[in-house]
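Every read-out reported here was derived from the displayed coordinates using simple, explicitly stated rules and does not represent laboratory data. This is a predicted model, so every value here is computed, not measured. For neighbour counting, all protein chains shown are included, and Cβ atoms are generated from backbone atoms with ideal geometry for every residue, glycine included.
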Amino acid sequence: MASPLRITFLGGLGQIGRNCAALESEGRIVVLDCGQMFAGDDLPGVDSVLPDLDWLINNARRVEAVIATHAHEDHIGALPYLLRHMSLPVYGSVFTLGMVEHKLREAGLLDSADLRTINDGDRRRIGPFDCEFLPVTHSIPSGNITAFHTAQGVILHSSDFKLDLTPIDGRRTDLSRIGALAQDPGIRLLLADSTNADLPGSSRSEKEIGAVLTELLRNHAERRVIVACFASHIHRLQQVADAALATNRMLVPVGLSMLRNVKLARKVGVLRIADHMLRDAEEIGDLEPQRVCVICTGSQGEPKAALTRMARGDSRWLSVGDNDTVIFSAHPIPGNEAAVGSVRNGLARRGAKVVHSGQIDVHTSGHAQQQELKTLHSVSVPQFFVPVHGEYSHLVAHRDLALEMGMDPATVFLAEDGDQLELSDAGLRMLGSVGGEHLYVDGTVGDLGNEVLGDRHVLGNNGFVSIHVAVDLERLDLLAGPDVVSRGWVEQPALLGHEVAVADAVEEAVLRALRGSVDDRERLSKIVSKTAGSVVFERTRRRPMLVVSVREG
Ligand SMILES: [Zn+2]
Ligand SMILES: [Zn+2]
């Protein structure tokens, strides 16, 4: 009997972001990606959400390495947190590792890092795994599909992908190798990106965006042009640079991550811009506006990004006015719409003309739509299939697509974060869940638990009421208070009446309890809480946080 293989999904299944999976064979583990998810407005004060790293930390001695499939934050963002707990080699392409290197340097972990470059087509033995790395097209250069040759057959992990047949760098997804693997030895299990599984048709080639951008720059020949896009979308940067060159403009990168990525991408050869075409932000004032094409961060309305500053009028480098055209060369990611809207409004208020992907095709997705997914399925003909990378509805759409293509329902599994599957001679089966808890990170405070988050929710929605009482537990006497203080509960002038009512009720309850010989603080605290809580709710129909202190003295 060949040794079974286990896969534990630690993030990315059920919500977009924080991708992380652990593959396990003969007791050894390889981690596939370790990303983070940016927190939405429903998590007050949280900067990022990490995969459930506890499971990995508990199994640290068995972990061999991490494979970084590509350099997006949702695949490499949590690496510093993981490497703080265990030192592991990280495998990735030259560009991916360039981005990882920056993250580790920022975290002060670069000295101890062990970064191992892989090239397209390479086969490496990592622990018990024989890993083969194939090129794949996506909205960042140098991503990899991983084929794990195991005792249980080939496990093919698509990572994030689209099937762009005319990619900017000519580096196509290696469908012929996938087809060859499907023939011999066959693909036992496919794990594939589901992000756009609910969209019919195919995504457009990245190359088509270049012509649209050039046309736009031409149509705004007398104006300064500012293009915002993801700083990691190097192929988009290439096309903006080409459009600038074609319309006789200098390219001016603005924003820290934009400058850093341009530098790295040029260094490793995935971005080609001639020196004489690049200008520093300091020089913008010396250039004629119609000869400038600024490329900047902020397409998602990120609060500290270059474009957001321009919209607020506090950019160090340029002030936006009525001779500027601003192109948003990215769709807002779900959850960012409001932030993007306020940046657009800020720019419009300053007189700029705003062009976005809702009006003209200045963006295409990096994720496969239904036709592309069907192509992957028909080329790989997997025996088993698990949709990965997507919100739950995307995973379901991808499952349905596989069934529509004729897969047996018994061979398609819907898994979520925390789920553990086992592939053995008997087939694929669900073992159960290892938790899949979220780990929340607040930039200034560190890791947060669910309790703090719960408190922030209550505070944010209902405010708080605090009640302080001082008692003498020997003489069973009320010494001071109750003092009632509140914030964010109700408006004045009604507030005063409510606070007095709470104080009166608490005083009566405490005196009654003391007369009844209740002489421990804990019981008194409970009585105060209960009394205050019911008065607060009866009078205002709200449940603010109650902060109760009963002290002696
Ligand atoms: Zn990606
Ligand atoms: Zn992703």
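Provide the packing ranking of 123-133, 372-382, i.e. peptides ordered by the mean count of other C-beta atoms within 10 Å per residue, highest first.
372-382, 123-133
Full-extension gain between Asp477 and Phe464, please, as 0.36 nm times their residue separation minus the C-alpha to C-alpha distance.
Answer, rounded to one decimal: 2.0 nm.
Any idea what the relative contact order of the chain is, in percent, if you count C-alpha pairs under 8 Å spaced at least 6 apart?
Relative contact order of the chain: 15 percent.
Trp489: net charge of surrounding residues, Cβ under 13 Å, Lys/Arg +1, Asp/Glu -1, itself excluded?
+3
Based on DSSP H runs of at least 4 residues, each adding -39500 (n - 2.57), what is the mean residue ellipticity at 222 nm of the chain after dividing by all its residues, to the nearest 500 deg cm²/dmol?
Roughly -10000 deg cm²/dmol at 222 nm, from the helical runs in the chain.
Work out the FRET efficiency for Glu26 and Arg116 from their Cβ-Cβ distance, taking R0 = 25 Å, and round it to the nearest 0.05.
0.75
If we count every other residue with Cβ under 12 angstrom of Val412's Cβ, Lys/Arg +1 and Asp/Glu -1, where does the sum land?
Around Val412, the charge tally is -2.
Among the lysines, which have Cα under 25 Å from the Cα of Lys103 when same-chain residues fewer than 8 positions away are ignored?
Lys263, Lys267, Lys304
So what's the gap between the Cα centers of segment 1-16 and segment 526-553, to the nearest angstrom?
That distance is 46 Å.
Can you give the net charge of the other residues whose Cβ lies under 13 Å from the Cβ of Ile234, counting K and R as +1 and D and E as -1?
In short, +4.
Within 10 Å of each residue's Cβ, count the other Cβ atoms and sort Thr364, Thr96 from fewest upward.
The fewest-first ordering by Cβ neighbours comes to Thr364, Thr96.
Regarding the chain, what's the average projected area of the Cα-atom convex hull, expressed in nm²?
Its Cα hull, projected and averaged over all orientations, spans 32.1 nm².
Provide the convex hull volume over Cα atoms per residue for segment 206-356, in Å³.
99
Obtain the nm distance between the two label points defined at Glu288 and Thr540 by a simple spin-label model: each point lies 7 Å from its Cα along the Cα-to-C-beta direction.
Spacing of the two 7 Å Cα→Cβ label points: 6.4 nm.
Charges at C-beta only: +1 for Lys and Arg, -1 for Asp and Glu. How large is the resulting dipole of the chain about its Cα centre, in Debye rounded to 20?
Using Cβ point charges on Lys, Arg, Asp and Glu, the chain gives about 1120 debye.
When the chain is fully extended, how far beyond the present Cα-Cα distance does Lys304 get from Gln15, taking 0.36 nm per residue of separation?
Difference between extended and current length: 101.5 nm.
Give me the mean projected area, in nm² to one decimal, of the convex hull enclosing the Cα positions of segment 463-552.
Hull-based average projected area comes out at 5.0 nm².
Between the alpha-carbon centers of segment 164-182 and segment 258-319, tell me the distance in whole angstrom.
32
Just for the chain, what percent of DSSP beta bridges are antiparallel, to the closest 5?
For the chain, the DSSP antiparallel bridge percentage is about 55.
Could you list Arg28, Arg475 in order of exposure, starting from the residue whose Cβ has the fewest other Cβ atoms within 10 Å?
So the ranking, lowest neighbour count to highest, is Arg475, Arg28.
Give the lysines whose C-alpha is closer than 16 Å to that of Lys207, dropping any in the same chain fewer than 8 places away, or say none.
Straight-line reach from Lys207, under 16 Å: Lys162.
Along the positive direction of the dipole of the chain (beta-carbon charges: Lys, Arg +1; Asp, Glu -1; about the Cα centre), which of Ser176, Leu414, Thr214 reaches farthest?
Sorting the options by dipole projection puts first Thr214.
Put a dot 7 Å past each Cα toward the Cβ at Arg204 and Arg105; how far apart are the dots in nm?
Taking the two extended label points, one gets 3.7 nm.
Label points 7 Å out from Cα along the Cβ direction at Tyr392 and Arg551: separation in nm?
According to this spin-label approximation, the distance is 4.6 nm.
Could you list Ile284, Ile360, Ile29 so that the one with the fewest beta carbons within 10 Å of its beta carbon is first and the one with the most is last?
Ile360, Ile284, Ile29
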